[in-house]
1. Any idea what the dipole of the chain comes to, in debye rounded to 20, about its Cα centre with Lys/Arg Cβ at +1 and Asp/Glu Cβ at -1?
2. Taking every DSSP beta bridge that has both residues in region 2-180, what percent is antiparallel when rounded to the nearest 5?
3. Calculate the length of the line joining the C-alpha centroid of region 43-81 to that of region 107-162, in whole Å.
4. Could you check the spin-label model distance between L165 and M108? Points 7 Å from the Cα along Cα→Cβ, value in nm.
5. From the helices alone, meaning DSSP H stretches of at least four residues, give me the mean residue ellipticity at 222 nm for the chain, per-run term -39500 (n - 2.57), in deg cm²/dmol to the nearest 500.
6. Could you run the Karplus curve 6.51 cos²θ - 1.76 cosθ + 1.60 with θ = phi - 60° over region 108-121 and give me ³J(HN,Hα) per residue in whole Hz, x for Gly and Pro?
7. Pick out which of E21, E118, E85 has the largest mean-square fluctuation in a Gaussian network model of the chain, springs linking Cα atoms closer than 10 Å.
8. Name the most mobile residue of M108, M138, M89, meaning the one with the largest mean-square fluctuation, in a Gaussian network model of the chain with Cα contacts below 10 Å.
Amino acid sequence: MMILASQSPRRRELLAREGVEFRVEVRDTEEVHDASLPPQELCAINAAAKAEAVAREFPGETVIGADTLVFIDDTPLGKPADEAEAIAMLLRLQGRTHSVCTAVAVIMPDGSRRDFAEISQVTFRALDEPAIRHYMSMVNVYDKAGAYAIQEHGELIIESFEGDLDNVIGLPVTRLLQVLA
């Protein structure tokens, strides 16, 4: 059985949808927030830290760590701290295309590590503050990078996307299953 080193309910749902048997183990890790790093590198550092923290306690098991960030103008947008920050993020994204990067670190039973990252593009509709507040009344935006979830009433805010939908949700499952095979 694999270990998912993530508290994300979305990642759990994506793995379960594919019939993957896993359990969740999460350890506190200090995430890097260095905006000067390229998106893939920043996400990769955090994904590896999450996987390694769990793998130390469970040697000989397959451990999956992941990190997702929204990037606009080369600036990472993590989870908003409060309502004002969530509104500011969504106003910044409105009417524009941004990138969603998910990096995954898989620590194999022999201790080797396989890393990869996926980037998708998401284009937001033009939105005003009342439209954003309406969206926020329907979706808990505080535990989501960029303050939104494409799978939860995304039609209200998202015009289109290019790339892997599962990546935008938080875990590029198809690519992960290829790595695990």
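No value in this document is a laboratory result; all are computed from the given coordinates. Model, not experiment: these values are computed from the prediction. Here the Cβ is made from the backbone with ideal geometry for all residues, glycine too, and neighbour counts use every protein chain on show.
1. Result for the chain is approximately 300 debye, rounded to the nearest 20.
2. Antiparallel bridges: around 85 percent, rounded to the nearest 5.
3. Centre-to-centre distance over Cα atoms comes out at 16 Å.
4. In this crude spin-label approximation the distance works out to 3.2 nm.
5. -9500 deg cm²/dmol
6. 7, x, 7, x, 6, 10, 10, 10, 7, 9, 10, 10, 10, 10
7. Among E21, E118, E85, the largest mean-square fluctuation in the Gaussian network model of the chain belongs to E21.
8. M138
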